[in-house]
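K.L.:
Dropping a structure here in structure tokens format, bear with me for questions.
Just so it is clear, none of the values below were taken in a lab; they were calculated from the coordinates. Here the structure is a predicted model, which means the values were calculated and not measured. So basically every Cβ, Gly included, is an ideal-geometry build from the backbone, and we count neighbours across all protein chains shown.
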Amino acid sequence: MQNNKKFKTVGIKKERIDAPSKIRGFAKYTDDFYFPDMLYGKLKRSPYAHAIIESIDCSKALEIEGVRAVITGKDLPIKYGILPVTQDETALAIDKVRYVGEPVVAICADTEEIAEKALDFVEIKYKELDKVLSIEEAFEKKHVRVHESEKFEGNAHRVISLEFGDTETAFKECDYVREDIFFYSGSTHLSMETHSVVAYFDGKRLTVYASHQAPYYLHLILSKALEIEQRNIKIIIPYVGGGFGGKLDPFPEIVCASKLSMIAKKPVKITLEREEVFYNHRGRHPVLTWVKTGLKNGKIRAMHFKSFLDGGAYGSFGVACAYYQGALQPVTYKIPDYKVQTVRFYTNKPPCGPKRGHGTPQPRFALECHLDKIAEDLNIDPVDLRLKNLTEPYSVTCNYLKITTNGLKECIEKVINESKFKEKFRKLPYGEGVGFAVSSYLSGAALPIYWGETPHSEVIIKADRSGVISVYSGHTEIGQGSDTVLSYIVAETLGIEPEEIALVLRDTDSVPPDLGSYSSRVTMMMGNAAYEAAMKLKRALSEAVSEILEESEENLIFKEGKIISKNNPEKFVSLKDAIKKAEEKFGALSFSGSYKPAPILGKYKGAGVGPSPAYSFTACVVQVKVDTESGFIKPIKVWIAHDIGKCINRKNVEGQIEGSVYMALGEALMEKSDYTKEGFLKNPSFLDYKTLSMKDMPEIDVYVIETYEEKGPFGAKEVGQGPLLPVIPALCNAVYDAIGIRFDEIPITPDKVLEAIERDKKRVGPDKIIDFKFPEPIKVEPPKEDFLQNKL
Amino acid sequence: MKRILNLKINGKNYEILSSDNRTLLEVLREDLNLTGTKWGCDTGECGACVVLIDGIPQLSCLTLAVFCEGKEITTVEGIPEKEMEEIEKILTEEGAVQCGFCTPGMVIMMKYLKDCGFNNSLDIKEELSGNFCRCTGYKKILDACIKILNKHAK
Ligand code: FES
Ligand code: FES
């Protein structure tokens, strides 16, 4: 097995492969590309949240010197969307606008200044419509239709109703039942790099540089929206300055720059202003959650979730977000009977979509705060309650998710001991407190967005007589470190240094497909493909060298750029000579590796969301200090342990965890997309959209738990998203421990704290859900005890 | 109105034909292809565009290029190689870089703090708090900065 070996690179080396070029400012991001004769594009956006477009007059704009092309929705009439089930977007609004900031007209001109000025000369007449800006309004104002064609009433976009087992009977068996209601405010990704695209159409083929997380989906959708065959589109993804899910959709500026370039026959660049990024959004859905749990003898017997999502104006990844509201709870806890009901509404705001953690932070926040209350009601330790209900390694959940390695118990023990949780919990002075929570997440979604049998990741490796070893991959580097993962895996396999590998990346003409950086899939999927490709090259080299050295292939070691006889270290061939010999013997040395997850186990509608080759697990303790005078909550320290399977690069793993803690604390304490009654975003800037600065960050102790996942490359699982999840509820539980007030609504801003203290409230949060009638659930029989044995 | 600007950037003299309303950031990126300096907001809020003007960190998105005549401008590309080697080594070892978009701004700030000379009264967090990073949670950036400054403690 890979994991028992002593490694030279994997888990040992610290250096990221891309760090030097980023530090020196050489690394190129999309906006860093300037081409001769390049034009600049700008988008004219809607000032209304919901309005009919009565007329658009671009004639005056077109007369301005330097304006090269102007397009409206009519030029791009084909609807598209990231998910096949929601093809509800066009790049520019047609007939009506559905949110403030929705693009209506796109212009390109010789300079940005001219393009900007030309926008003012576009005349658009709107007729305002009544709008819906919240879950409640979407449901109650039935006369407002954000999308006329939707089949459900009350602007419901997608309704899910699933039941595993028989919750009604199970709840009757319980000796304790509790219900709670929570609200999770929406927030946004706020990557440092704003969205940017340069598109160039040469008369036949379209080349697109874009700051994007998933070039192969973009490829597919651009082809549809622009009516160009896929073989005539080439996408190049430079370094991406942060993604967090915010660069996954086929955004309007990409489609528009492409179309403008097709008309103007010149390269067109559109780089969004900071404010515009807030309109692109696709960030965290605001979610109203109701949860009911029944226990018998301290064990969870049944659980029921109802979730109401404020989806914004378009589908985006919303259907997946909706399914994720219920998907992963059973991966953390054994839940024998389980019911999940979810509805996503369209509202007149920028579309919500996937942000770090996808649709799982909201139910995780609800569940972990809910369990904290249950433990208190039952007068049992919140840690013991968790420990008693954890899932086992190598088990299957009620919703047919297969768990392999599971280090959650170890994670829990680690943070509880290190934080001295038991000595502090309910014992710290008023104003100080500790809170605890746990979570689980996927290492890549087992199903692709567009279903099919093709691999999710493919990697090609090439070596030639010059000694150069090149690796070709289409994964995107959004900061998570996947270039490093790729080169570490190949370097470890071939016994060379990571820096010695030439990476050929992210150009759809040159590299094989990879589905992109989302669902924490890259290490697992690209990593496995890379390992397979490298092993094939290794075998070819072994065969060639065994002839030269007259040594059997098993007796060869790949080390320090040499291939050495195990029996006699004096006997070796340099890698370069070995490659030459192999090239003489076999011809061109080019090998490929592919990765496709195993088929999913569930057969019910919706079973596609949740399955993963392996799950990561996280446990977290947060300690806070609440200033009861100002209402300000200061996180003092965070202890967090994450089951990563195996670190490929430890510094990078720690960095992902620390970054997750930072983002989670922001969501718990201050980050919020805030709208006026007219549907205007109040805070579309760095200054007004509050986040933590370096000064606000607490001390963080990171513990990496290694469980050696056999499905992962060298044993690795995910780390990019999972660690965000438990931090938010752990903080809320800590605030309760500190001041005895339950915040069932985030962010917990100082004004809420002060008001609660002044009015002597015991709880802050929603007290009712909406009266939405869910359809009868689809009934699914949970797997029998011996299911896994029969199945696998 | 366009006119010729004389700018000294990274020790090199440039003559640039530019209109008066353009920012230093625009001139650096668009005219000189010095794209190491990043554009994050254009409103002075993120710190991605920080450069040194006569040794002092300034937001190039808020600085008009015309005001930089007769001054010494240093961008991330212009940090002397010896210093850069040390910064590169420490930032890389500490894992202080993720997406890298905030990195040039951070590097400029670290160079500045190093040049000022470290002393205990220096509040590093305060000094760096104008530079946003959305990826790292700041911990490793702070660690790297402390390490660099300790090497140059006066
Ligand atoms: S670009 Fe200058 S501070 Fe953000
Ligand atoms: S590393 Fe991405 S913003 Fe700092």
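K.L.:
With no solvent and one equal point scatterer placed on each C-alpha of chain A, evaluate the Debye formula and give log10 I(q)/I(0) for q = 0.10 Å⁻¹, two decimals.
P.N.:
-1.05
K.L.:
Please state the relative contact order of the range A:70-218 as a whole percent: Cα pairs under 8 Å, 6+ residues apart?
P.N.:
Worked out over the range A:70-218, it gives 11 percent.
K.L.:
Give me a comma-separated list of calculated 3J(HN,Hα) values for the range A:503-510, in order, Karplus coefficients 6.51, -1.76, 1.60 applied at θ = phi - 60°, integers in Hz, x for any Gly or Pro.
P.N.:
Running phi through 6.51 cos²θ - 1.76 cosθ + 1.60 with θ = phi - 60° gives 9, 10, 10, 6, 10, 5, 6, 9 Hz.
K.L.:
I've got another one for you. Find the relative contact order for chain B and round it to a whole percent, using C-alpha pairs within less than 8 Å whose residues are 6+ positions apart.
P.N.:
Computed over chain B, the figure is 24 percent.
K.L.:
Would you calculate a helix-derived [θ] at 222 nm for chain A, using -39,500 (n - 2.57) for each DSSP H run of n ≥ 4 and dividing by the full residue count, to the nearest 500?
P.N.:
Computed mean residue ellipticity for chain A: -8000 deg cm²/dmol.
K.L.:
Amide H neighbours of residue A:763 under 5 Å, at least 5 residues apart or on other chains, H built in the peptide plane: list them.
P.N.:
So residue A:763 has HN proximity to A:742.
K.L.:
Calculate how many DSSP beta bridges within the range A:164-244 are antiparallel, expressed in % of all such bridges and rounded to the nearest 5.
P.N.:
55 percent
K.L.:
List the residues whose amide H sits under 5 Å from the amide H of residue A:432, counting only those 5 or more places along or on another chain, with H placed 1.01 Å from N in the peptide plane.
P.N.:
Under 5 Å from the amide H of residue A:432: A:626.
K.L.:
Measure nothing but the geometry: give the 0 to 90° angle between the long axis through the Cα atoms of B:81-94 and the longest principal axis through the Cα atoms of chain B, rounded to 10°.
P.N.:
50 degrees
K.L.:
Further question on the same structure: If amide H atoms are built 1.01 Å from N in the plane of the peptide, which residues on other chains or at least 5 residues away come under 5 Å of the amide H of residue A:186?
P.N.:
Answer set, sorted by chain and number: A:673.
K.L.:
Can you spot the lysines whose alpha carbon is less than 24 Å from residue A:603's alpha carbon? Ignore those fewer than 8 places along the same chain.
P.N.:
Output for residue A:603: A:306, A:334, A:339, A:402, A:711, A:779, A:784, A:791.
K.L.:
Separate question: Using DSSP to call loops (not H, G, I, E or B), can you name the trypsin sites (Lys or Arg not before Pro) in the range A:195-228 whose Cβ has at most 13 other Cβ atoms within 10 angstrom?
P.N.:
Details: sites: A:204, A:205, A:224; in loops: A:204, A:205.
Loop-located and lightly packed - A:204.
K.L.:
Among bridges DSSP assigns within the protein assembly as shown, what percent are antiparallel (round to 5)?
P.N.:
75 percent
K.L.:
Sort largest first and round to whole Å: the equivalent ellipsoid semi-axes of the range A:228-379, each the square root of five times a Cα gyration tensor eigenvalue.
P.N.:
Working from the Cα gyration tensor, I get semi-axes of 42, 14, 13 Å.
K.L.:
Relative to the longest principal Cα axis of chain B, at what angle does helix B:103-116 sit, 0 to 90 degrees, rounded to 10?
P.N.:
80 degrees
K.L.:
What whole-number distance in Å separates the alpha-carbon centres of the range B:78-123 and the range A:651-699?
P.N.:
24 Å
K.L.:
Could the peptides A:11-21, A:268-278, A:584-594 be put in order, highest first, of the mean number of other beta-carbon atoms found within 10 Å of their residues? Don't jump to the answer; show the numbers that get you there.
P.N.:
Values: A:11-21: 20.5, A:268-278: 22.8, A:584-594: 14.8.
Sorting A:11-21, A:268-278, A:584-594 by mean packing, highest first, produces A:268-278, A:11-21, A:584-594.
K.L.:
Per-residue Cβ counts within 10 Å, from other chains only, averaged over A:652-660: what number is that?
P.N.:
Numbers: counts 4, 1, 5, 11, 5, 2, 9, 10, 1.
The shielding value for this peptide is 5.
K.L.:
Here is a further query. Could you state the number of Å between the C-alpha centres of the range B:1-61 and the range A:214-239?
P.N.:
About 34 Å separates the Cα centre of the range A:214-239 from the one of the range B:1-61.
K.L.:
Okay, next question. Which whole number gives the average, over all residues in B:82-93, of C-beta atoms from other chains lying within 10 Å of the residue C-beta?
P.N.:
3
K.L.:
Would you please name the chymotrypsin sites (Phe, Trp or Tyr not before Pro) within the range A:349-406 that are DSSP coil residues with at most 14 other C-beta atoms within 10 Å of their C-beta?
P.N.:
Numbers: sites: A:365, A:394, A:400; in loops: A:394, A:400.
Qualifying residues, ordered by number: A:394.
K.L.:
Give me a comma-separated list of calculated 3J(HN,Hα) values for the range A:59-68, in order, Karplus coefficients 6.51, -1.76, 1.60 applied at θ = phi - 60°, integers in Hz, x for any Gly or Pro.
P.N.:
Result, rounded to whole Hz: 4, 5, 5, 5, 6, 5, 5, x, 7, 9.
K.L.:
Convert each backbone phi in the range A:156-171 into a coupling constant with the Karplus relation 6.51 cos²θ - 1.76 cosθ + 1.60 (shift: θ = phi - 60°), then list the ³J(HN,Hα) values in order as whole Hz, x for Gly and Pro.
P.N.:
5, 8, 8, 10, 10, 8, 10, 9, 9, x, 10, 6, 4, 5, 4, 4
K.L.:
Next question, about the same structure. Enter the mean number of other protein chain beta carbons within 10 Å of the beta carbon of each residue in A:467-479, as an integer.
P.N.:
Per residue, the average neighbour count from other chains is 1.
K.L.:
Could you list, in their original order, any pairs among A:349/A:752; A:8/A:695; A:234/A:596; A:14/A:672 whose Cα atoms are separated by more than 30 Å?
P.N.:
A:8/A:695; A:14/A:672
K.L.:
With a length cut of 27 Å (Cα positions projected on each helix's long axis) and a Kyte-Doolittle mean of at least -0.5, go through chain A and give me the DSSP H helices that pass.
P.N.:
Those that pass (Cα extent of 27 Å or more, hydropathy at least -0.5) are A:522-549, A:650-669.
K.L.:
Under 19 Å between alpha carbons, and skipping anything fewer than 8 positions from residue A:571 in its own chain: which lysines qualify?
P.N.:
A:538, A:559, A:562, A:580, A:581
K.L.:
Separate question: On alpha-carbon atoms, Rg over Rh for the range A:1-136 using Kirkwood Rh?
P.N.:
Result for the range A:1-136 is an Rg/Rh of 1.22.
K.L.:
Let me have the relative contact order for chain A, percent, based on Cα pairs under 8 Å that are six or more residues apart.
P.N.:
Relative contact order of chain A: 17 percent.
K.L.:
Turning to a different aspect of this structure: For a quick check: sort A:526, A:535 by the number of other beta carbons within 10 angstrom, fewest at the front.
P.N.:
Lowest to highest Cβ neighbour count: A:535, A:526.
K.L.:
Let me ask something else. Return A:763, B:134, A:45 ranked ascending by Cβ neighbour count within 10 Å, so the fewest neighbours appear first.
P.N.:
Least crowded to most crowded, the residues run A:763, A:45, B:134.
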